[in-house]
Amino acid sequence: MTLPRLAVTLGDPRGIGPEIVGKMLRDGRAGRAAELLVVGPTGAGAQVDEPIGSWEESGDDARAGQLAGAAVERAVSLARAGKVDGIVTAPLEKSALYRGGYDFPGHTEMLASLASSRVAMMLTSADGAGGNDVPRLRVVLATTHMPLRDVASALTRERIVDIAAITRAGLRDWFGVAEPRIALCAFNPHAGDSGRFGSEDDDVLRPAAQEAELSGPWPADTVFVRAIRGEFDAVIAPYHDVGMAAIKVAAFGHAVNVTLGLPFPRCSPDHGTALDIARKGVADASSMIDATLLCAALAASPSRRAGQASRR
């Protein structure tokens, strides 16, 4: 059996990306699951196969963001050309990315633009990685990187229906879930309590859930527990932190970020650049290893290949 080929970007060269990529390569498990092509600048502390410039220790955050963004561009170009079957991205810093000339809030939005795709951000645990002691939970974000004060206006019926469609297709085509059971997490405490704590759940989320055939909206303090216990295959969270808090409490260090909706799988670890511990040799590569293993599994999955064939 031919192994899938994955592009692995180094992320921000000032952060722990080069270290966790190096540790992932030395670990060996990912290398047995996929052929790995490391994309990034030379001089960052990790051997690269596809160089996109050089990094000097005196470089500033703008240079770091420029190199991190260029690595993502190269990886997407390789994937769209069919030269790799998926992408694994080490963390980048969003402010540095912006200063480096890339006006995107993060990886997810940049990938959507580069691949001309409608995407959804999923955090998942225990999907072929992390071990049996990690609870299974899949969380998809209806809104991603925006101030909390802007979420209510951004959380439209159309957005929820669109995210639900992307989620359902991703679960079916990439994860092999034939009939996905998807729950919608409420926006307000107690799902608004019949409007006492806000009207968004009754006026926006409930009609959207009915149209998209979702269960809910269910209060945040119970819906993720129900999903962990097996009642749902995924939960759509209305905003970034309610979803991220749930997945990271359940499986921090073994959760994986998956961008649904792309024409190729993309995975990344569940943490950031950790600039405070970079180059100290203490960074934990567990989530990077899990991300690479999951990306390899998704790239090779029969359900994904069947989904691609059905859309030709």
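The values are calculated or read from the model by the stated rules, or taken from the named source; none is laboratory data. Predicted model only: the values in this text are computed from it and were never measured. All Cβ positions, even for glycine, are placed from backbone atoms using ideal geometry, and neighbour counts span all protein chains on display.
Evaluating Leu205 against the criteria (1) in contact with a helix residue (DSSP H, G or I) (Cβ under 7 Å, 6 or more places away or on another chain); (2) under 25 Å from Leu294 (Cα atoms); (3) hydrophobic (A, V, I, L, M, F, W, C) leaves one unmet condition, (2). Only one of the numbered conditions (1) surrounded by 23 or more Cβ atoms within 10 Å (Cβ to Cβ); (2) modelled with pLDDT under 95; (3) closer than 19 Å to Leu293 by Cα is not met by Pro135, and that is (1). Return a yes/no flag: does segment 116-125 have any residue that is under 21 Å from Leu36 (Cβ atoms) and surrounded by fewer than 20 Cβ atoms within 10 Å (Cβ to Cβ). Looking for residues that are under 21 Å from Leu36 (Cβ atoms) and surrounded by fewer than 20 Cβ atoms within 10 Å (Cβ to Cβ), one finds none in segment 116-125, hence no.
Scoring Arg266 on the criteria (1) modelled with pLDDT of 95 or more; (2) in the same structural domain as Ile228 (by TED's automatic domain parsing) leaves a single failure, condition (2).
When segment 209-230 is examined, which residues are found to be assigned to a helix (DSSP H, G or I) and buried (at least 19 other Cβ atoms within 10 Å of the Cβ)?
Step one: of segment 209-230, the residues assigned to a helix (DSSP H, G or I) are 209-212, 220-228.
Listed by number, the residues that qualify are Ala209, Ala212, Ala220, Val223, Phe224, Ala227.
All told, Pro219 falls short of being in contact (Cβ under 8 Å) with a residue 40 or more places away in the chain and in the same structural domain as Arg168 (by TED's automatic domain parsing).
State whether the residues of segment 187-198 include one that is over 22 Å from the mean Cα position of the chain (by Cα), assigned to a helix (DSSP H, G or I) and either closer than 22 Å to Leu260 by Cα or among the charged types (D, E, K, R) (or both). No: segment 187-198 contains no residue that is over 22 Å from the mean Cα position of the chain (by Cα), assigned to a helix (DSSP H, G or I) and either closer than 22 Å to Leu260 by Cα or among the charged types (D, E, K, R) (or both). Among the residues of segment 155-180, those that are buried (at least 17 other Cβ atoms within 10 Å of the Cβ) and not in a helix (DSSP H, G or I) comprise Leu155, Trp174, Phe175, Val177, Pro180.
Give the residues of segment 183-199 that are surrounded by fewer than 21 Cβ atoms within 10 Å (Cβ to Cβ) and under 13 Å from Pro238 (Cβ atoms), sorted by residue number.
From segment 183-199, those surrounded by fewer than 21 Cβ atoms within 10 Å (Cβ to Cβ) are 189-190, 193-199; that's our starting set.
Within segment 183-199, Pro189, Gly198 qualify.
Does Val161 satisfy being in contact with a His (Cβ under 7 Å, 6 or more places away or on another chain), in the same structural domain as Val225 (by TED's automatic domain parsing) and over 12 Å from Leu260 (Cα atoms)? When the stated conditions are applied, Val161 does not pass them. Output yes when any residue across segment 123-136 is charged (D, E, K, R) and either touching a residue at least 12 places away in the same chain (Cβ under 8 Å) or in contact with a Cys (Cβ under 7 Å, 6 or more places away or on another chain) (or both), and no when none is. Scanning segment 123-136 turns up at least one residue that is charged (D, E, K, R) and either touching a residue at least 12 places away in the same chain (Cβ under 8 Å) or in contact with a Cys (Cβ under 7 Å, 6 or more places away or on another chain) (or both). Restricting the first member to segment 166-183 and to residues that are among the acidic types (Asp, Glu), and the second to residues that are surrounded by fewer than 21 Cβ atoms within 10 Å (Cβ to Cβ) and at pLDDT below 95, the beta-carbon pairs closer than 8 Å and six or more apart or on different chains are Asp173/Ser303; Asp173/Ala306; Asp173/Gly307; Asp173/Gln308. Against the criterion of being at pLDDT 95 or above, surrounded by fewer than 21 Cβ atoms within 10 Å (Cβ to Cβ) and either within 23 Å of Ser117 (Cα to Cα) or among the aliphatic types (A, V, I, L, M) (or both), Leu37 qualifies. In summary, Arg206 fulfils each of the numbered conditions (1) surrounded by 17 or more Cβ atoms within 10 Å (Cβ to Cβ); (2) within 23 Å of Leu262 (Cα to Cα) with the single exception of condition (2). In summary, strands (runs of 3 or more DSSP E) completely within segment 1-113 and bearing 1 or more residues that are in contact with a strand residue (DSSP E or B) (Cβ under 9 Å, 6 or more places away or on another chain) and closer than 16 Å to Cys267 by Cβ occur at 5-9, 35-42, 86-89.
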